[in-house]
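A short worksheet on the structure shown next.
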Amino acid sequence: MMQPLYRRGKRLAALLVPLMLLLAGNALAPLLPLRLPGAIIGMVLYLLALVHIPALRATLPAAHALIGLLGMLIVPAAVGLVPAFPAISNSSAGRLALLLVITTLITGIATALLAKALLKPAGP
Amino acid sequence: MNGAIDIARQLAAIVLVVLAFAAAQRIARRCGHAPWANPVLGAAIIIIAVLAAADVPIVSFESHAAVLRWPLGMAIVALAAPVYREWPLIRRGAWRLLAVLTGGAIAGIATAVWAAKWLGLAPLLVHAVATKSVTSPFALAIHGALGGPAELAAGLSIATGIIGAMLLPPLLARLRLDDPRTLGLAVGQAAHVVGTDALLRRRPAAAPFAGLALAVAGVLTALLLPLVWRCLI
């Protein structure tokens, strides 16, 4: 179904697949014992769909186009940092900034070292 | 009538986001995508300046920009596409990958909580920083379930993402931990969506691993945090 649609250049139709899976993820979210964002459930569903339903692979270019917008779409959340400030008293702001920088670097380095130690060298 | 004004304001918020991001991206491109020229941070600064100049409260902008949560959700769903592209590689080493990301998630929670206590931060902040390395939709969901400070945690999560996106790639390059897989996993784990977005522009080969890491790390944190929640303060 998706293939001829897509070939006619209707990338918009391909966008319906991530939208439907997002809706499905949002609908499933309250039913799961673990609180997960609907979008992540949708992402898992999309991965399963791509692996098992070859016809859906025609939606890959549309998915990559969406991912290209990711940076722009998280901008409102970054703006939302400012209203969150009052909860942080002036006295702890500096310490909090220090914490964010140091622990983020440690987390990244720890993950990188673990990856280096545990994973086999990639490919030939 | 009210509805029409609301739609106009939503439209204005969207236009502001698009234009600010386009401008920030131009600046970033001019600077050769230097790590410090992060377009997410740049666009946020532009928007905050515009809102201040126009005397619009940020909270009002936020409520009208909330319509962008739908395309954001779709873009997160779409992150399955780069993961699918690396699927054979991921399947071959699934358990080892899971071990790496579990270790990373534990490091993310433990370093944040430990440092927050050591620095004597308020209990509210100890809870809020525990989710700083998961993307903000995850932080909102986790704190929603556990009764933590969701909005504050989401803000700290974005700040973490910006810090990681700016500082981690050059640092890991200096440490020679920057083959695409290692770099992608580390940046996706520590700096989630903001880091992944930065890699899409600066190191596209690493981005699928970052997308994988941010999703798995989010799920693992949602699993691990309830177990230690009460011991945090």
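When restricted to residues that are polar (S, T, N, Q) and touching a residue at least 24 places away in the same chain (Cβ under 8 Å), the range B:21-76 contains 2. With the requirement that a residue be closer than 19 Å to B:G161 by Cα and surrounded by fewer than 17 Cβ atoms within 10 Å (Cβ to Cβ), what does the range B:59-76 give you? B:R69 - this is the single residue of the range B:59-76 that is closer than 19 Å to B:G161 by Cα and surrounded by fewer than 17 Cβ atoms within 10 Å (Cβ to Cβ).
All conditions but one from (1) at the interface with chain A (Cβ under 8 Å from one of its Cβ atoms); (2) surrounded by 16 or more Cβ atoms within 10 Å (Cβ to Cβ); (3) over 28 Å from B:L185 (Cα atoms) apply to B:V56; the one that does not is (1).
Within the range A:90-104, is there a residue that is touching a Leu at 6+ places or on another chain (Cβ under 6 Å) and either assigned to a loop (DSSP other than H, G, I, E, B) or among the basic types (K, R) (or both)? Yes, that holds for at least one residue.
Between B:G108, B:G144, which is in contact with a helix residue (DSSP H, G or I) (Cβ under 6 Å, 6 or more places away or on another chain), buried (at least 24 other Cβ atoms within 10 Å of the Cβ) and either in a helix (DSSP H, G or I) or facing chain A (nearest Cβ under 8 Å) (or both)?
Details: B:G144 fails: buried (at least 24 other Cβ atoms within 10 Å of the Cβ).
Exactly one of B:G108, B:G144 is in contact with a helix residue (DSSP H, G or I) (Cβ under 6 Å, 6 or more places away or on another chain), buried (at least 24 other Cβ atoms within 10 Å of the Cβ) and either in a helix (DSSP H, G or I) or facing chain A (nearest Cβ under 8 Å) (or both), namely B:G108.
Considering each residue of the range B:77-93 in turn, at least one proves to be in contact (Cβ under 8 Å) with a residue 24 or more places away in the chain and not in a helix (DSSP H, G or I). Of all residues in the range B:1-44, those that are facing chain A (nearest Cβ under 9 Å) and over 16 Å from A:L70 (Cα atoms) total 1.
Inspect the range B:175-185 for any residue being within 20 Å of B:A115 (Cβ to Cβ) and touching a residue at least 12 places away in the same chain (Cβ under 8 Å) and give the result as yes or no. So that I can check it myself, show each step before the final result.
As a first pass, look at the range B:175-185 and keep what is within 20 Å of B:A115 (Cβ to Cβ): none.
Within the range B:175-185 (the criterion being within 20 Å of B:A115 (Cβ to Cβ) and touching a residue at least 12 places away in the same chain (Cβ under 8 Å)), the answer is no, since none of the residues qualifies.
Residue count for the range B:147-162, restricted to those that are buried (at least 24 other Cβ atoms within 10 Å of the Cβ) and charged (D, E, K, R): 0.
Of the residues that make up the range B:177-192, is at least one under 27 Å from A:L31 (Cβ atoms) and crowded, with 21+ Cβ neighbours inside 10 Å? Within the range B:177-192 (the criterion being under 27 Å from A:L31 (Cβ atoms) and crowded, with 21+ Cβ neighbours inside 10 Å), the answer is yes, since at least one residue qualifies. Can you name the residue in the range A:20-50 that is surrounded by fewer than 18 Cβ atoms within 10 Å (Cβ to Cβ) and within 7 Å of another protein chain (Cβ to nearest Cβ) and is also nearest to the chain's Cα centre (by Cα) among such residues? So the residue we want is A:R35.
In the range B:163-174, the residue that is surrounded by the most Cβ atoms within 10 Å (Cβ to Cβ) out of those that are touching a helix residue (DSSP H, G or I) at 6+ places or on another chain (Cβ under 9 Å) and more than 7 Å from chain A (Cβ to nearest Cβ) is B:A165.
Using the structure shown, decide if A:I106 is over 23 Å from the mean Cα position of the chain (by Cα), within 7 Å of another protein chain (Cβ to nearest Cβ) and of a type in the set (V, I, T).
Working: over 23 Å from the mean Cα position of the chain (by Cα): no; within 7 Å of another protein chain (Cβ to nearest Cβ): yes; of a type in the set (V, I, T): yes.
No; evaluated as a whole, the condition is false for this residue.
Looking at the range B:190-204, which of its residues are more than 10 Å from chain A (Cβ to nearest Cβ) and in a helix (DSSP H, G or I)?
The answer is B:L199, B:R202, B:P204.
Taking first residues from the range A:54-80 that are within 27 Å of B:I162 (Cα to Cα) and partners that are among the charged types (D, E, K, R) and crowded, with 23+ Cβ neighbours inside 10 Å, the Cβ contacts under 8 Å between residues at least 6 apart in sequence or on separate chains come to A:L70/B:D197; A:G71/B:D197; A:I74/B:D197.
No lab work stands behind these numbers, since they all come straight from the coordinates. Computed from a predicted model, the values in this text were never measured in an experiment. Positions of Cβ are backbone-derived with ideal geometry, glycine not excepted, and every protein chain shown enters the neighbour counts.
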